[in-house]
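Visitor: One structure is given below, represented as structure tokens, and several questions about it will come after.
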Amino acid sequence: MLVLLAGIFVVHIATVIMLFVSTIANVWVVSDVGKASVGLWKNCTEFNCDGDLPYAQEDALKAVQAFMILSIIFSVISLAVFVFQLFTMEKGNRFFLSGATMLVCWLCIMVGVSIYTHHYAGGENVYRKSHHGYSFILTWICFCFSFIIGILYLVLRKK
């Protein structure tokens, strides 16, 4: 049981770190032609990330930014609640609050990355030839991990 709890804790911390990296890094769409990439915040060319996004004022991008920030907040809250419940909860109880908070994080990731996929992932808005960057892929990995962690928290009992 201790190994399972430690494993879930490590995966949860890895998910939080990957969410931070994927939200902060400007590598959601990468150009195939030159060394350029686009993220949620800036347009990067070569070694310069001072360029603003051409669609920075669109509501869809602002929604993606908000949902990704919310997913980080809910993931950190879920981790804190899990640690709190681990030391204060009676034996035999389930980690419902941790699981519910992590599933809200999962929902925020799903909404944010789905909006981004629908509006911007093709890269037509910035680059004619492009592919997905590591931030976009990390976000989908966090989507899977947060769902698995949330379900495990709901099923798991403290022994």
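The values are calculated or read from the model by the stated rules, or taken from the named source; none is laboratory data. Model, not experiment: these values are computed from the prediction. A quick note on method: Cβ atoms are made from the backbone with ideal geometry, for glycine too, and the neighbour counts reach across all protein chains shown. Ligands, DNA and RNA are stripped out before the accessible areas are found, and what is left, the full protein with its side chains, is counted by its heavy atoms. Shrake-Rupley method; radii C 1.70, N 1.55, O 1.52, S 1.80 Å.
Visitor: For a quick check, take a GNM of the chain with Cα springs below 10 Å and name the residue from 18, 89, 110 with the largest mean-square fluctuation.
Guide: Answer for the Gaussian network model of the chain: 89.
Visitor: Across segment 62-107, how large is the tail of the calculated P(r) beyond 12 Å, expressed as a percent of all Cα pairs?
Guide: The proportion of pairs with Cα distances above 12 Å equals 60 percent.
Visitor: Farthest toward the dipole's positive end in the chain, which of 56, 150, 19, given Cβ charges of +1 (Lys, Arg) and -1 (Asp, Glu) about the Cα centre?
Guide: 150
Visitor: If you don't mind, another one. Explain nothing, just the number: dipole magnitude of the chain about its Cα centre with +1 on each Lys and Arg Cβ and -1 on each Asp and Glu Cβ, in debye rounded to the nearest 20.
Guide: 740
Visitor: Oh, and also: For residue 137, what accessible surface area do you get with a 1.4 Å probe? Give it in Å², rounded to 10.
Guide: That residue has around 90 Å² of solvent-accessible surface.
Visitor: Let me ask something else. Divide, for the chain, the radius of gyration over alpha carbons by 2.2 N^0.38 Å, where N is the residue count.
Guide: It is 1.18.
Visitor: If contacts are Cα pairs under 8 angstrom and at least 6 residues apart, what is the relative contact order of segment 1-47 in percent? Working shown, then result.
Guide: Working: 39 pairs, mean separation 10.9, N = 47.
So the answer I get is 23 percent.
Visitor: Next question, about the same structure. Hey, if we sort 157, 94 by accessible area with the 1.4 Å probe, largest down, what's the order?
Guide: 157, 94
Visitor: Related question: Two-decimal Rg/Rh of segment 40-82 from alpha-carbon positions, Kirkwood Rh?
Guide: The Rg/Rh ratio comes out at 1.18.
Visitor: Pairs of Cα atoms under 8 Å, at least six residues apart: use those to get the relative contact order of the chain, whole percent.
Guide: 33
Visitor: I would also like to ask the following. Relative to the compact globular guide of 2.2 N^0.38 Å, what is the alpha carbon radius of gyration of segment 64-152, as a ratio?
Guide: On the way: Rg = 16.0 Å, N = 89, 2.2 N^0.38 = 12.1 Å.
In units of the globular-protein estimate, segment 64-152 measures up at 1.32.
Visitor: With equal scatterers on the alpha carbons only and no solvent term, can you work out the Debye log10 of I(q)/I(0) for segment 5-66 at 0.12, 0.25 1/Å?
Guide: Result of the Debye calculation: -0.40, -1.01.
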